[in-house]
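Notes for the one structure printed next.
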Amino acid sequence: MLSDDYISPIRKFNIQLLALLCLTIAPAWAETCSIKFDNGTELQVPYTTNLDRQQKGLSGRKDVGAGLLMVFEKPAVRGVWMKDTPVALDAAFIAMNGGINSIQAMQPNTTTSHYAFTPSVAILETPATWLKRQNITVKNKIISSSCFSITAQQP
């Protein structure tokens with residue numbers, strides 16, 4: 001009789017295969033950020049602070065869901081592009097005070113860099129025209145966030 005600690009090679013393979021499948025289909029970011037804009041719009045969006053995940057962004061995804069919020073440790077001039085991203089997106093560059101520095105419309109599968117030339121602490125990528133449909137412009141601000149701090153003044 002086998003002990004309870006014994007796992008047959010086939011069962012072990014099945015367990016490993018299941019673990020691999022779970023890793024493959026799991027989102028690259030599991031955490032969600034709640035953000036609220038000054039016009040009352042609220043959004044639940046996946047976010048990442050991981051540089052590798054930020055560099056990959058939403059590339060390769062046909063369904064981008066609500067989008068992606070990339071949160072950075074320190075404000076800086078930042079850029080994004082659409083290499084291997086098959087759907088159009090908008091990028092909102094967010095200042096430390098929650099203000100939107102710039103909104104850039106980005107076309108699929110391009111290597112054009114999109115920048116806000118003022119320091120940003122986060123970049124919100126959303127499906128194309130979502131921001132416009134929510135009446136969010138560069139005049140708006142994020143007034144609360146569960147994943148990054150908003151300061152009263154820009155340094």
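Annotations
- About the Cα centre, charge dipole magnitude for the stretch 29-145 (Lys/Arg +1, Asp/Glu -1 at Cβ), debye: 180 debye
- Among the listed pairs K36/K139; K74/K141; K36/K83; K83/K139, a Cα-Cα separation exceeding 22 Å is found for K36/K83; K83/K139.
- Descending by average beta-carbon neighbour count within 10 Å, the peptides 119-125, 48-54, 100-106, 87-93 line up as 119-125, 87-93, 100-106, 48-54, the highest first.
Laboratory data are not the source of any read-out in this text; all were calculated from the coordinates shown. Quick caveat: nothing in here was measured; it's all calculated off a predicted structure. Note: ideal-geometry Cβ built from the backbone for every residue, glycine included; neighbour counts use all protein chains shown.
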